[in-house]
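Laboratory data are not the source of any read-out in this text; all were calculated from the coordinates shown. Values in this document were obtained by computation on a predicted structure and should not be read as measured data. Here Cβ is always computed from backbone atoms with ideal geometry, including for glycine, and neighbour counts include all displayed protein chains.
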Amino acid sequence: MPRPTFPALFPLVVLLALALAPVARAGERPFITLASTTSTENSGLFAHLLPRFTARTGIAVRVIAVGTGQALRLARNGDADVLLVHHRPAEDAFVAEGFGIERRDVMYNDFVLVGPAGDPAGIAGAPDAVTALRRIAAARSPFASRGDDSGTHKLERELWAAAGIDAAAASGTWYREMGNGMGATLNAAVAMNAYALSDRATWLAFGNRGTHRLLFAGDRALLNPYGAIVVNPARHPQVKVALARAFVDWLTGPEGRAAIAGFRVGGEQPFFPWPKDRTDARGRTGSVPGHGHRRQESTAAIAAAPG
Amino acid sequence: MPDLWEAARLALALIVAGDPELVEIVARSLAVSLSAVAIACLAGFPLGALLAVVRFPGRRIVIVVVYTLMSLPPVFVGLLVYVLLSRSGPLGVLGLMFTPTAMVIAQAILVGPIVTALAHRALRGLYVEYRDQLCSLGARPWQVAPTLLVDGRTELATAALAGFGRAIAEVGAVLIVGGNIAHVTRVMTTTIALETSKGNLALAMALGLILLLIALAVNAAVLALGRDARGT
C-alpha cells in the first residue's frame, strides 16, 4: 500500500495555499484606503457609491469601517489615505494638528432615539433630545451606549452633559456602555429592552429591530454632518494624495452628490448632500447645517430647509 | 429571532446557488488560514522536536513559555501585528497593513505555539519509547529529531488540525490587521461579525454553519489521508 505520509501531505497544504493565494491578492489596480464609520458601510452607502467612482476613475477604494475615533487614529498613524467621518470637533482637531490637509462637507443626516415600542420613559412626545434623555434617566430605563469613542458616542456624551446628567456615574446600572459598534449596540438594545442613540442610516438598514421603534427624531441637536479629510502627506509621505483628492472631489462634485441623494434604504433617503448648493468649485465650506437650533421635524424636512 | 433551521436552509441555499461572493470569501479564508498553518508548522514542528530531544539549560522555561503562548488572545496578537506593520511602526515601510499577508502573519503567530506545544508533547512520548534503541545505534539527539518527525506524523497532523481550527475560527486578529475590506481582506469570520452588526442574524448564523462545514471537509480530508497512510 502506498504511504502518503504526513510529510508528503505537507507540500500539499503549501501548494493549496499557493494555488489560492491569487484570490487573496485580487484587485491590484490603483487603490486608496478610506477609513470611515460603520454607518456608511453597514447602510450600504459605499456599495452604492464606490462602484460608480471606480467606474469613472479606475481607482478602487478599500474601506476600513470603524468608529470615527478609531478611523482618526488609523489616519494619524498613516494607515489610511482619506477619511469620511462624522464628528466635527474631532475632525477640526485632526486638521489643526496637521494630520489632514483639508476638511470638506460631504453630506448629513440625523441621529434618532430608538427604544421598546411601549416607550416606558415616554420620550416620544418630548420637546427636544435633551428632555428625552432626562426622561430616560428619571425613569432609570435601560440605555445602551456605544461606549467606544465613536462619533455617535461623542455626540451622546455631549447630549448627556447638556442635560446635566452624569450618565457615566450610572454605568453598570441603567446606563450600559457596550464598547461596541452601532449594529452590535442595537442588537444589545433590542435584547435588553433598552433605549439607544443611533444614526438614521444604520437604523434604517438594521435587520434585527424586534419590537424596537424609532421614538424620537427631528431635534437639530441631532444633526449628523459627515466630512471628508485627505491625510497630510507631510506627515506620511506614502499617502496617495492625488488619488485621495480625486475621491473627495468626486464625492463633493455633481456626480457624487447625485449618487448620495439617489441612495435609498427601504424607500427612505438616509443621506443628504451638504451644502445644498455647491457653487464654490472646491466646495470648501465650514458650516454645519443648522447646528444649535432645536426644532421638531423629520430629516426630510431638515433636508428641505437646512440652516 | 432566527432559528437554527432557518439558518441551515439559508446556508444550503447559498451553497447550492454557488454564491460568487461566498465562494470568494471561503477561498480567501482557506488561503489565509492554510498559509498561516503551513508557516507555523514549518517553524513549530522542528522546534517541538528539538524541545523533545535536546537538553539545554532553560529548556523547561522555554516549554512553559510555548505552552503559555497557546493562550495568546487573538485581539492582542492583532494589536501587536498592527503596531509592527502600521505606517508609523517599525515595519511600516513594507506597506503590509490591511493585506492578506498581514492576516497570515497574525494567524501564524497565533497558531505557532499550538503546533509547537502539541508537537513537543507527541514527540516527547515517542522519544521516551525509542530513546534507548536509537542511542544504542549511536544516534545523537539532533539526528533523532527527523526520525521522530516522520514517525510522529499522525500526531503532527492532529497538531496541524488543532492549529487550523484556531486560525479559521478567529476573528479578533484578522479584523484588526485586515480591516475587513470587501474583496480584499474579508473572510468568513469577519463577514459573520459584519452581518451580525447589520442585524442580519439568520445570514450570520448560516455563514457560521458553512464555516463549520469547511472545517469538517478539511478535517475529514486530513484524517482520511492519515488512514491510508496507516493502511487501516
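Quick one: go through the stretch A:65-80 and flag any residue whose amide nitrogen is under 17 Å from the point 7 Å out along the Cα-to-Cβ line of A:A234. Only A:76-78 fall inside the zone, counting backbone N under 17 Å.
The distance between label points at B:W5 and A:A188 comes to 3.2 nm (points 7 Å beyond Cα on the Cα→Cβ vector). Under 5 Å from the amide H of A:L215 lie the amide H atoms of A:L113, A:V114, A:G115, each residue being 5 or more positions distant or on a separate chain, with H modelled from the backbone and absent for Pro and chain starts. When only Cα pairs below 8 angstrom with a gap of at least 6 residues are kept, chain B shows a relative contact order of 32 percent.
In a DSSP loop and with at most 16 other Cβ atoms within 10 Å, the trypsin sites (Lys or Arg not before Pro) in the stretch B:22-71 are B:R55. Measuring r between the beta carbons of A:E255 and B:L137 and using R0 = 60 Å, the FRET efficiency lands at 0.15. In this label model, A:T173 and A:T131 are separated by 2.5 nm, measuring between points 7 Å along each Cα→Cβ vector. Between A:E158 and A:R213, full extension at 0.36 nm per residue minus the direct alpha carbon distance yields a gain of 17.5 nm.
Under a 5 Å amide H cut-off, with hydrogens placed 1.01 Å from N, A:F31 pairs with A:A60 among residues at least 5 apart or on other chains. Near A:V63, the amide H atoms lying under 5 Å from its own belong to A:L34, B:A182; only residues 5 or more places off or on other chains count, and H is placed 1.01 Å from N. Relative to the dominant Cα principal axis of chain B, helix B:188-197 is inclined by about 40°. Working value for the stretch B:73-179: equivalent-ellipsoid semi-axes of 37, 15, 9 Å, each the square root of 5 times a Cα gyration tensor eigenvalue, largest first. Taking θ as phi - 60° and the Karplus parameters 6.51, -1.76 and 1.60, the scalar couplings of the stretch B:34-51 work out to 5, 4, 4, 5, 4, 5, 4, 5, 4, 8, x, 5, x, 5, x, 5, 4, 5 Hz in sequence order, x denoting glycine and proline.
The long axis of helix B:153-169 is offset from the longest Cα principal axis of chain B by roughly 30 degrees. Listed by Cβ neighbour count within 10 Å, with the fewest neighbours leading, A:R56, A:R245, A:R146, A:R257 appear as A:R56, A:R245, A:R257, A:R146. With R₀ fixed at 22 Å, the C-beta to C-beta distance from B:I61 to B:R121 puts the FRET efficiency at about 0.85. Computed over the stretch B:30-134, the P(r) tail beyond 17 angstrom holds 59 percent of alpha carbon pairs.
Less than 27 Å apart at the alpha-carbon level, and either on another chain or at least 8 residues along: which lysines does that give for A:K276? The qualifying lysines are A:K154. Between helix B:141-151 and chain B there is an angle of about 50 degrees, using the helix long axis and the longest principal axis of the Cα atoms.
Can you give me the Cα centroid spacing of the stretch A:118-144 and the stretch B:182-232 in angstrom? Value for the Cα centre distance between the two parts: 43 Å. Working from label points 7 Å from Cα in the Cα-to-Cβ sense, the A:R56 to B:L216 distance is 4.7 nm. Entry note, the stretch B:76-139: relative contact order of 22 percent, from Cα contacts under 8 Å with a spacing of 6+ residues.
Straight-distance candidates among the aspartates and glutamates for linking to B:K198, with alpha-carbon spacing under 12 Å and chain neighbours fewer than 8 residues away dropped: A:E41. Largest GNM mean-square fluctuation across B:F98, B:F56, B:F76, computed for chain B with C-alpha springs under 10 Å, falls on B:F56.
Estimated purely from DSSP H runs of n ≥ 4, each contributing -39500 (n - 2.57), the mean residue ellipticity at 222 nm for chain B is -27000 deg cm²/dmol once divided by its residues. Within the stretch B:198-225, name every residue whose backbone N is under 13 Å away from a label modeled 7 Å from Cα of B:T154 along the Cβ vector. Of the residues in the stretch B:198-225, B:223-225 have backbone N under 13 Å from the label point off B:T154.
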